[in-house]
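The values are calculated or read from the model by the stated rules, or taken from the named source; none is laboratory data. Note that the coordinates shown come from a computational prediction; the quantities given were computed from them, not determined experimentally. Quick reminder, even Gly has a Cβ in these numbers, built from the backbone with ideal geometry, and neighbours come from all protein chains shown. For accessibility, only protein heavy atoms count, side chains too; no ligands or nucleic acids. Shrake-Rupley method; radii C 1.70, N 1.55, O 1.52, S 1.80 Å.
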Amino acid sequence: VGGIVNPPASNKYCYWTNEGDDTPSPDKWLDHASMTRGSWWTHWNGWAQKFSDRQVDARTPQGEIEPAPGSYVKKKL
């Protein structure tokens, strides 16, 4: 979870990549994978940019936004 929520600049984690697409199991995939120090977000962003030639502006949230963690967390079933 830490590697997902920490910003790329924190440089605390690493990620694994495997350029092959014919690996039959997770263990075989990892056997042929390469570790890269840093955040996977940067790698993913580079990959995702190949599929679009533009960026869009961030949306402005509509309505009231509650402070974290939000009232839905406090609801009981």
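Considering only residues in region 27-51 that are among the hydrophobic types (A, V, I, L, M, F, W, C) and in contact (Cβ under 8 Å) with a residue 12 or more places away in the chain, the one that is least open to solvent (accessible area, probe 1.4 Å) turns out to be Ala33.
Which ones in region 47-72 are among the hydrophobic types (A, V, I, L, M, F, W, C) and in a loop (DSSP other than H, G, I, E, B)? Within region 47-72, Phe51, Val56, Ala58, Ile65, Ala68 qualify. Mind checking which pairs have a first residue in region 9-26 that is open to solvent by 40 Å² or more (accessible area, probe 1.4 Å) and a second that is polar (S, T, N, Q) and assigned to a loop (DSSP other than H, G, I, E, B), Cβ under 6 Å, 6 or more apart or different chains? Note: pairs meeting the criteria are Lys12/Asn6.
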